[in-house]
Structures are given as C-alpha cells and as structure tokens.
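Below is one structure, written out as structure tokens, with a few remarks after it.
Each value in this text was obtained by applying a stated rule to the coordinates, not by laboratory testing. Small disclaimer: the values here were computed from a predicted structure and weren't measured. Every residue, glycine among them, receives a Cβ derived from its backbone with ideal geometry; neighbour counts consider all protein chains shown.
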Amino acid sequence: MNGDITSQSVSVNAPPELQTLKRRCWVLSGVREQKEKAQRQIKQQMQETEKYLAISEQVTEALETLSGQLFEQELQLIQEKLTIALQEVLEQPLKLKAVAEWKRNAATVEFQIEREGNTEDIMKGQGGSVANVLSVGLRMFALMTLDESEHRRVLVLDEQDCWLRPDLVPRLVKIIHEAGQALGFQIIMISHHDPAMFERYADCIYQFTPSKDGVQVQRIETDWQLRD
C-alpha cells in the first residue's frame, strides 16, 4: 500500500517537463500502434499481390485465348449470315471469307468473296452489287456492338441499291426488312428506283419530287398497306 501511494504521489508531483514527456510517450505509443497496424495491412496486400502476379501470365493467356475464340465465332457468324444474303439477293454461288490477322494485340480483318474456289474483289464483284449487299450487313453488325442506352438502332441507307439490277432490288429490300425486324433496327432507305419495288416490305413510302417551289413530298399508299 505504501508503495502504491508513493508512486502515485510521485506521478502527481512530477515536474511539468516529466509530465510533458509522458504525454509525448503516450502519443508516440499510439502512433506506433497505428503504424504497426498499417504495416500488417500492407504486408497482407503484398502477399495477395504476389499471389496474383504468380498467376497473372496464365490469366492473361487465358483471356487472350477466350477473346480470340469469341472473335472467331463472331467472324464465323458474319460469314454465314452475309453469305446467305449474297446468295439470296444475287442468286450467285458466292461465299464471304473473313481473314483475320493479329498485330500488336489488335485484329485486322480482310473480307473476300469466293466463287467456286476462286477469290474475287469485293469492290468489283458483280459491278459493285456485292459491295451493296455486304455493306448493309457489316453496318448492322457494327451498330449491334454499340451501347443501346447511348445509341439508337437507326440505320440510314443512301442509295444502297445503286449497283443492283432493278429486278434484284426487291430481294435486297426483303433481306434488309427481315434483318431490321430481327435486330430491332429502324431503317430509312433512300433510293431512285420505282417505289413499287419497296411496297411489299416498307412500312411507309415517301416520294420526293423536285418542283419550282422546292420539293414536293407525297406519301404513297400501297396495296399491302391497305390490306393491313
């Protein structure tokens, strides 16, 4: 008991310098505890990082392989769908071939068409009609990759049938109509061909005619619309 009382009296009666030193010791002790806790957390994070780095190369290779496989699947789908479109519109034994090449972690794709094993230039095939058909499909595939919350699925085709023979135009319109419905696209198609070629598949047709006062706009009612 006497020892405890003496110790307490010494603490109370300690000089101001000693009391200040004690307070600093307490503060430093608290700082040390915080630093030790932070050190343990950093050590744990470093251990987790080392575990990740140990498998990072394997993860990267796996992701690259998966990306490549998905890309090849997309190309295969594009080849199949556009080959069908070419054959239905042009009634030719044409096949679309997509040749992919990887450079600097990026893919470049070269499109070609084949006719009975022979390669043809897309831009020259059938006087440009091949390019007419393929460009529609490729634009739709490109638009499908965009975020729908930021981009509306609206496609404007300006004279997309310019290189087609008149008798092939309704076939192209049919393909565009079916693809638009399947993918949820609103499609506006501008053409110089006879409006009658679009009657079967167009939701509405407007004819623009130059006049002295500017341009006259006339909505054309079709037999198909009247039946509906």
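Side notes on the structure shown:
- Under 18 Å of direct C-alpha separation, and excluding same-chain neighbours fewer than eight residues apart, Lys22 reaches these aspartates and glutamates: Glu33.
- Gain in span if fully extended, Gln19 to Ile84, counting 0.36 nm per residue against the direct Cα distance: 14.3 nm
- Shape class for the stretch 106-223, computed from the alpha carbon gyration tensor (a ≥ b ≥ c): oblate, with a/c not under 1.5 and a/b at or below b/c.
- Where N is the number of residues in the stretch 46-193, Cα Rg divided by 2.2 N^0.38 Å: 1.34
- Rounded to the nearest 0.05, the FRET efficiency derived from the C-beta distance between Ala182 and Glu50 at R0 = 41 Å is 0.25.
- Linear extension gain, Ser149 paired with Glu116, 0.36 nm per residue minus alpha-carbon span: 7.6 nm
- Inter-label distance for Gln34 and Gln76, nm, one decimal - labels placed 7 Å from Cα along Cα-to-Cβ: 6.0
- Multiplying the residue separation of Ser135 and Met123 by 0.36 nm and subtracting their alpha-carbon distance yields 3.3 nm.
- Of all lysines in the structure, the ones whose alpha carbon falls short of 26 Å from that of Lys97, not counting any fewer than 8 places away in one chain, are Lys81, Lys124, Lys174.
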